[in-house]
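The values are calculated or read from the model by the stated rules, or taken from the named source; none is laboratory data. Predicted model only: the values in this text are computed from it and were never measured. Note: ideal-geometry Cβ built from the backbone for every residue, glycine included; neighbour counts use all protein chains shown.
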Amino acid sequence: MAIAESRRRGICSLEGCQRPHKGKGLCRLHLDRQRKHGSPLKHLQKRTPPGAPLRWLREQVGYASEECLIWPFARKDNGYANRNGESPLRIMCALVHGPAPSEKHQVAHSCGKGHTGCVSPKHLRWATPLENANDKRLHGTMLTGFKLHNTKIGPDGIAYIRGEGAGQKTRDLAKRFGCSPGRVNFYRRTAGRPVAIFRRREAGE
């Protein structure tokens, strides 16, 4: 069923689905699957056999190439390898270098391409949070300021809050920009600072 026809009839365009149309010719269930997995029929695709990811990691411990070794299974939204909520990076690093020196130690990439799914044993090492952060700065993979996908207020929004919105209620501005009232007050308190980086978050493992 075409998207236009799906909208006209008000139901999902997938054959056999009679749920109400939500968007792009799909119902809410199939639209969510499309956004999350890239296919509304993800549930019909062959599942990974139990234990296969761990077996694959053990088989790749001797990987000798200098090229990145890309994780062939599920990934997180940021592109990093994922295994039922566990970190394949930590598993691989432990297989190669032994257990982490402490609970605070993270897995660092010498290639700077963890976000592409790299799990190469030759590219991984244990590092402190500070060492890992320095690596990300060196590789240009640290997300800061308005590059963050969870930053809801951009430079224009901050300028509006400090200017035209100065006389408006905090809760109204928070609703307009989809943020907390505390965030609005923060930008008001920092009115003397340039519209630059106020929020930063390290991405990755």
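Here A52 meets the list (1) in contact with a Pro (Cβ under 9 Å, 6 or more places away or on another chain); (2) loosely packed, with under 15 Cβ neighbours inside 10 Å; (3) aliphatic (A, V, I, L, M) almost entirely, failing just condition (1). Just so you know, in the stretch 4-35 the residues that are assigned to a helix (DSSP H, G or I) and within 26 Å of D77 (Cβ to Cβ) include one that is modelled with the lowest pLDDT, and it is R35.
Of all the numbered requirements in (1) in a loop (DSSP other than H, G, I, E, B); (2) buried (at least 18 other Cβ atoms within 10 Å of the Cβ), S39 misses one, and that requirement is (2). Of the helices (runs of 4 or more DSSP H) lying entirely inside the stretch 80-180, those carrying at least 1 residues that are among the charged types (D, E, K, R) and modelled with pLDDT of 90 or more are 88-97, 129-139. Residue-level check: of (1) touching a residue at least 24 places away in the same chain (Cβ under 8 Å); (2) more than 22 Å from R33 (Cα to Cα); (3) surrounded by 14 or more Cβ atoms within 10 Å (Cβ to Cβ); (4) under 23 Å from the mean Cα position of the chain (by Cα), K104 misses just (3). Among the residues of the stretch 87-113, those identified as closer than 15 Å to H139 by Cβ and not polar (S, T, N, Q) are V107, A108, H109, C111, G112, K113. When H109, H97, H123, H115 are checked against the criterion of being more than 30 Å from K36 (Cβ to Cβ), in the same structural domain as G62 (by TED's automatic domain parsing) and not charged (D, E, K, R), a single residue qualifies: H97.
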